[in-house]
Amino acid sequence: MSRPDFRYVRIQGKEFARNTMHAKGIFSMFAKLIQNEVMDEEDTALYNELSDWFSENLPWPPQCRNQEPVICWFKTENSDEMMKMIRPMLWLLERYDCPYYLVYTNTPGEIVYEDKYQIAARVDGFLHIDEVQPSWSPEEEREDKPGTDAGLIARTEEFLKRKFDESEYFSSHEDEKTYRLEHSYRVANIGLQISRAEGLDQTATVVACLLHDVAYCEGPGEGGWREHGRRSAAIARPFLCGLGLPQDLINEILYGIAIHVDDEADFEGERTPLALTVGDADNIDRFDAFRIHETLSREGFLDMSAEERKDHLEKRLARLRELFDLKMGTKTAEELWRERLSYYISFYEKLLSQQTYGTGIIDG
Ligand SMILES: [Fe+2]
Ligand SMILES: [Fe+2]
């Protein structure tokens, strides 16, 4: 932070402040984290302690208090003391996946306030800011080309892989890690297919599906398998808040992740088509060709007697027929589901008929 060639430094995030149309500074970034209840109790307490220190030691420029369009900069010459307290805040920002930049300048613009540690500079020119405009794009065109945000999806993939790579549990269960990552990608691809056909937010659906099982990185937790939807949402929350998505969309994504196991979340949300797509895509992925092979091997099908096999297959078929009409969140998911189930049913029917054919002469 002490770069002798620059007089001023500022720590800022990626999101713009409405009154300045410049990136928000570190204190505004934390105000949002607190408002959205992103940090856990311990970290919130740490932040409150740091914030109290700043309230006592760093004056609050009246221009900031009045929300005038000014930007505050620390003076690099006196920043050492501040930095001692700023460092844990930077650590918190990293912990909650909030990207930040250290921005240096010697030309901050017109200085309207100054104390020992900081200055406030007026933003250039007069800004008139209108409310968010409706999209220029006609409805049909929006539906035709909603597309995905490759950058956001890449950041989500990166986050998921990092969580898996850092996982102590996965480091000793490499095969589970590989399976979980492949499964997450398959679910995301099914989610993408559904969101395209249904006109849902494709990026949000893919992000939600990629992260739906991220809690597997914790291994079998206290609440067991049943908790992993809610745990995944808790792990994904700080990351999603750092992506700059609208709050209601973040909640929709997290709600879908939280309810994908047992239809229950530990926070308020709505069972929207997007939220339901997470569980639907997950269920659809349970019925792929490889799973047939895996299930039959796990159940010891090859070691069963002819009678046991017949019995086993009849029970399986009865269960599959029951599942065939399962209600899903969207029409597209139901179509995909029935397509997968039909494939399963015809495979098991064929296998059953082969068992019967191998036991004697069947007439007719
Ligand atoms: Fe899951
Ligand atoms: Fe899953």
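The values are calculated or read from the model by the stated rules, or taken from the named source; none is laboratory data. This one's a predicted model, so the numbers in the text were calculated from it and none came from an experiment. Virtual Cβ from ideal backbone geometry, glycine too; neighbours counted across all protein chains shown.
Values as computed for the structure displayed
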quantity	calculated
Among (1) part of a strand (DSSP E or B); (2) buried (at least 16 other Cβ atoms within 10 Å of the Cβ), the one test that Leu33 misses	(1)
Residue within the stretch 200-211 that is at pLDDT below 95 and within 12 Å of ligand 2 (Cβ to nearest atom) present	no
Given (1) closer than 30 Å to Arg196 by Cα; (2) in contact with a Ser or Thr (Cβ under 9 Å, 6 or more places away or on another chain), index of the condition Asp285 fails	(2)
Arg309 in contact (Cβ under 8 Å) with a residue 40 or more places away in the chain, closer than 19 Å to Val206 by Cα and either away from ligand 2 (no atom under 16 Å from the Cβ) or surrounded by fewer than 17 Cβ atoms within 10 Å (Cβ to Cβ) (or both)	no
Scope the stretch 214-239; condition in contact with a Phe, Trp or Tyr (Cβ under 9 Å, 6 or more places away or on another chain) and hydrophobic (A, V, I, L, M, F, W, C); matching residues	Val214, Cys217, Ala233, Ala236, Phe239
Test: residue in the stretch 285-307 that is closer than 17 Å to Ile345 by Cβ, in contact with a Leu (Cβ under 9 Å, 6 or more places away or on another chain), within 14 Å of ligand 1 (Cβ to nearest atom) and not aliphatic (A, V, I, L, M)	no
Identity of the residue in the stretch 1-49, polar (S, T, N, Q) and either over 25 Å from Ile119 (Cβ atoms) or at pLDDT below 85 (or both), that ends up farthest from the chain's Cα centre (by Cα)	Ser2
Some residue of the stretch 213-220 being within 16 Å of ligand 1 (Cβ to nearest atom), acidic (Asp, Glu) and surrounded by 14 or more Cβ atoms within 10 Å (Cβ to Cβ)	yes
Every residue from the stretch 181-226 that is outside any helix (DSSP H, G or I) and not acidic (Asp, Glu)	Gly199, Leu200, His212, Gly219, Pro220, Gly221, Gly223, Gly224
Count of the stretch 253-277 residues which are within 15 Å of ligand 2 (Cβ to nearest atom), more than 18 Å from Ile190 (Cα to Cα) and either touching a residue at least 40 places away in the same chain (Cβ under 8 Å) or in a loop (DSSP other than H, G, I, E, B) (or both)	2
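For (1) closer than 19 Å to Gly219 by Cβ; (2) within 13 Å of ligand 1 (Cβ to nearest atom), each residue gets a yes or a no:
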position	(1), (2)
Ala236	yes, yes
Leu249	no, no
Leu254	no, no
Ile259	no, yes
Ala265	no, no
